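First comes the structure, then the notes that go with it.
The values are calculated or read from the model by the stated rules, or taken from the named source; none is laboratory data. Treat the numbers as computed from the prediction; the structure is a model and nothing was measured. Glycine gets a Cβ as well: all are built from the backbone with ideal geometry, and neighbour counts include every protein chain shown. With ligands, DNA and RNA removed, areas are computed over all heavy atoms of the protein, side chains included. Shrake-Rupley method; radii C 1.70, N 1.55, O 1.52, S 1.80 Å.
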Amino acid sequence: MSNGDDSERLAELDARIKALKTPVEERAHTEEHYSQAHLAWRMVIELVAGLLIGFGIGYGLDSLFGTIPIFLVLFTFLGLAAGVKTMMRSAEEIQAKKMADTAEGTASETDANER
């Protein structure tokens, strides 16, 4: 057994371990096309969920009471309104986040320029 071979192998192993322990910079999934598609799907799902829930409630009430589809129409419109309201709330949340990010970026640029 040669001592030189073992020390070289240990040094290589140590280098590989250190390389694996160093944090790898992961890119956030904030690419413009990805985040915009994600937000669009979120809003579509919110709108469709509101419509389907309203439709289901209206259909159920019409079946329960044996009425003409008055509840179906009424609750479908209410579901649409709820879906639109939820979409608007999500849009406001997204806009507030973007404004905060923009303000934070502007503040950090100002700090960097002052130095």
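Descriptive notes on the structure:
- Along the stretch 60-75 the Karplus relation, 6.51 cos²θ - 1.76 cosθ + 1.60 evaluated at θ = phi - 60°, assigns HN-Hα couplings of x, 5, 5, 5, 5, 8, x, 9, 5, x, 6, 5, 4, 5, 4, 6 Hz to successive residues, with x for each Gly and Pro.
- Residue-wise HN-Hα couplings along the stretch 89-99, as the Karplus relation 6.51 cos²θ - 1.76 cosθ + 1.60 with θ = phi - 60° gives them from phi, are 5, 5, 5, 5, 4, 5, 5, 4, 5, 5, 5 Hz; Gly and Pro carry x.
- Distance (nanometres) between label positions extended 7 Å along Cα→Cβ at Ser7 and Tyr59: 7.8 nm
- Accessible area per residue (1.4 Å probe, heavy atoms of protein chains only) ranks Arg89, Arg9, Arg42 as Arg9, Arg89, Arg42, with the largest value leading.
- Residues Arg42 and Thr106, FRET efficiency given R0 of 30 Å [Cβ-Cβ distance, rounded to 0.05]: 0.65
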